[in-house]
Each structure stands twice: as C-alpha cells, then as structure tokens.
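The values are calculated or read from the model by the stated rules, or taken from the named source; none is laboratory data. Being a predicted model, the structure only gives us computed values, none of them experimental. Note that we place each Cβ from the backbone using ideal geometry, even for glycine, and neighbour counts take in every protein chain shown. Quick note on the areas: whole protein, heavy atoms, side chains included, nothing else; ligands and nucleic acids left out. Shrake-Rupley method; radii C 1.70, N 1.55, O 1.52, S 1.80 Å.
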Amino acid sequence: MPPPMMWGSPPSQFSNVQVSNQVQQGFPQTPQAQQQSTLPVPYQPQQAFSTMTTGTEGTALLPIPTQNLSALVAALPEEAGAIYVAPMYTKPRPIIPRYRVISGLLSVLIVTFLLCVGTGYYAKASGKLATLGQFYGMVPPPNVTPIATAPLKDPPTTQQTGPAYGIINSATTTSRINSQHVAQQQDTVFKPGQPIYLTYSVQHPKAPGVVGIKWYTNGLFYQSSTTRTINGAITGYTEEVYVQPAEGMVELYWNNQLAIRLYFVVR
C-alpha cells in the first residue's frame, strides 16, 4: 500500500498510475483504445491536476483539471426569468347523474307551464286578452248596437209670420225647382243628404233692404246667409243640405225683422 499523500504535495508516479487504473476501470474501453498504437505520439505538456478527497483525509480519488472548469457547470435555460411549474393533478368534476338532469328539466317545464296558465287567466279576467287580440287583428271588435231613437215626427204644416210678412209674403220648402227657380211642390220631409230648396217672393218694398235666412237644427242655430240689397219685387231661392236626421226650421227676415218661419224634418 503506498504512503498517503498530503494536500499540496506533488503527485507521485504511483498515484497517477492508480488514478489512471481507476479511471480505466470506471469507464469501458473501446476496441480502438484497447489496441495499442505504434505511431509516435507528439509531446503534450502535462496539465496540473487537483485532487478531491473523501471522508478519509489525504486519500486521492479522482484528478480534476483546474482549467476549463466552466464546462462542468450545468447550462442554464435561455430564459432565466421563466419558471417551470410541473403539472399538478386536479380531481375531475363528478358527472351529474341522469335522473337529476331529467328531474331539473321537468321542474323547469312545470314552473313555465304554471306561469303561462296564470298569466293567461289574469289577462282574460282583466280584459287585456281581448284588447291584445283586437290590437293584433286576431279578434274582431264587438258589434256596436245603435241606440234606438224615437222616430222624428212630421213637422207642422202651418207657417208662422212676423212683422215683415207684408214684404216677404210667400215662402216654401221643396226638393225640386224648375228652370225659373220656382218650387214644383211643397215638401216638409227630406232624407239625409238630399238638397232642401227654399223659395220666396219679395213684394214691392217701400225702401231698399236685404233678405236674411237662418237655418236651425233641433232648435239650435245652424247657419245663416244674407242676400244683396233688393230695391223691387223679386223671386229668389236658396239651397241647404242636412247630412244627419234632425228636426229643421228656417226663418226669413227683411232688414232683421221676421217675415216667415217654416218647419221641416230630415229622416
């Protein structure tokens, strides 16, 4: 057994041989390394070695070159800032049983059906359903029954006269007149939309004046008209139309004095 080596002492020949044998025993030799070469080997200067020690102080195990130590350092990743986290195991979510899915769907359907029934009952009870149906044209509006009205009576056939009757002494209502604007017959009953002609005669006034005509509907004033100034005896006429049934009345005035009042009916 060779004497132990001290730290910092020069390596001996035996120690180099021992280390070389250990290295050769630790690494398998290839067939090329086992075959000795007869070629001359160029001289290479011997590099300095440092020894590693184990628990036993001064025992040399493996020579380590003191140059190019950077090759023995582990290569760092290209991105030094990135941190690699190993995948973690997560427990899979449990699958919902089929009966729970079916029961949930049935619950939603039942609640929706009850809501629809309740909403429809409320809309029908409050009358909003019929209103919506009429708005969208699905339900026709109810028929409106006309209010029964009492038939209009025949008007009085007699005329009423006033202070100016001596100037306008003739007037009548009719539905037909001839080319000279003279009434063919006297009419007191007319239809809605039918023309009502009023003919009158002015007999020799003492002074010039105008004829005023006032129409009434069911006792209420409807409209009026006034003729141009009259100096002598003339025959005139006017026309009016009532579109609604009504009890009518017409008055003729001479210079704002009543001459004749006539009655008629539209039905």
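Taken over segment 142-187, the residue count meeting the criterion of being among the aliphatic types (A, V, I, L, M) and more than 23 Å from residue 203 (Cβ to Cβ) is 5.
Hey, among 94, 63, 77, which residue is farther than 30 Å from residue 142 by Cβ, open to solvent by 100 Å² or more (accessible area, probe 1.4 Å), at pLDDT below 75 and not in a helix (DSSP H, G or I)? Steps first, please.
Working: 63 fails: open to solvent by 100 Å² or more (accessible area, probe 1.4 Å); 77 fails: open to solvent by 100 Å² or more (accessible area, probe 1.4 Å).
Going through 94, 63, 77 in turn, just one is farther than 30 Å from residue 142 by Cβ, open to solvent by 100 Å² or more (accessible area, probe 1.4 Å), at pLDDT below 75 and not in a helix (DSSP H, G or I): 94.
Cβ separations smaller than 6 Å between residues 6+ apart or across chains give the following pairs from segment 205-226 residues that are closer than 17 Å to residue 260 by Cβ to residues that are outside any strand (DSSP E or B) and at pLDDT below 90: 210/227; 210/229; 211/227. The C-beta contact set for segment 236-263 (first residue among the polar types (S, T, N, Q), second residue in a strand (DSSP E or B), distance under 7 angstrom, 6+ apart or interchain) comprises 238/198; 238/213; 238/225; 255/209; 256/212. Residue 113 meets all of the listed conditions (1) assigned to a helix (DSSP H, G or I); (2) under 30 Å from residue 254 (Cα atoms) but one, namely (2).
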